[in-house]
Amino acid sequence: MNEKKNKFFAISYTLYDTTNGKQELVEKTTEDKNFNFITGMGIALEAFEKQVLDLNTGDKFEFTLSPTEAYGERDENYVLELEKEIFSRDGKFDDENVKVDAVLPLRSGDGKIFYGRVLNITDEKVKIDMNHPLAGKQLSFKGEVVETHEATVEEMAKWASMMSGEGGCSGCGGNCDGNCGDGGCNCGDGSCDCGK
């Protein structure tokens, strides 16, 4: 894929979970909020990029990614029980934000941010699932390339800025503008209400 790095895409698609032969709608882009990304920057799934890389503006596509090609298999080692005091502010448990099914940002020891979904809360522990919400799922995409061209230096600089937290995404704390693809700031996966 190295020979076609830094190609800009604006894509309209519908995403279905087709695990076990079922077809469940996961996400659909809208006319005013396409999925925009630049290849080779880690914004889109690598297998997704490979599927659309040779397509041109106006081309339609339909393909399926296995769990391994998408977000991996679910791993029960990523389900953690954390001390409830970790989620306290000024000595009081943050029950306003820490609720069952809430998606919370957590910081690792080296400063990386991960998102986890709260599964359960007891008197002493908070159980969190750190698996991606689509882990273990077979994903089927159907859509169209709205626009594609070689990315300009300015576009690449803008995306690099957004991905570093200096620009529009700022880790989903800022403005997604419909330009944060899944992987850029996890927009489109429900963690910051973008791309839906």
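The values are calculated or read from the model by the stated rules, or taken from the named source; none is laboratory data. Remember, it's a predicted structure, so these values are computed and weren't measured experimentally. Here the Cβ positions follow ideal geometry from the backbone for every residue, glycine too, while neighbour counts run over all protein chains shown.
Among all positions in the stretch 104-114, there is at least one residue which is surrounded by 15 or more Cβ atoms within 10 Å (Cβ to Cβ), in contact with a strand residue (DSSP E or B) (Cβ under 9 Å, 6 or more places away or on another chain) and outside the structural domain of THR39 (by the TED database).
Checking each residue in the stretch 6-49 for being in a strand (DSSP E or B), in contact (Cβ under 8 Å) with a residue 24 or more places away in the chain, more than 16 Å from the chain's Cα centre (by Cα) and closer than 17 Å to LYS137 by Cβ picks out no residue at all. For the structure I just gave you, tell me whether GLY58 is in the same structural domain as SER140 (by the TED database), part of a loop (DSSP other than H, G, I, E, B) and at pLDDT 95 or above. When the stated conditions are applied, GLY58 passes them. Residues in the stretch 11-25 that are crowded, with 19+ Cβ neighbours inside 10 Å and either under 17 Å from ALA151 (Cα atoms) or β-branched (Val, Ile, Thr) (or both): ILE11 alone. Pairs linking a residue in the stretch 50-70 that is in contact (Cβ under 8 Å) with a residue 24 or more places away in the chain and under 10 Å from GLN138 (Cβ atoms) to a residue that is part of a helix (DSSP H, G or I) and of a type outside the set (Asp, Glu), with Cβ atoms under 6 Å and 6 or more positions apart or on different chains, are LEU65/ALA47; GLU69/ALA47. Kindly indicate whether PHE93 is touching a helix residue (DSSP H, G or I) at 6+ places or on another chain (Cβ under 7 Å) and hydrophobic (A, V, I, L, M, F, W, C). So PHE93 fits the description; yes.
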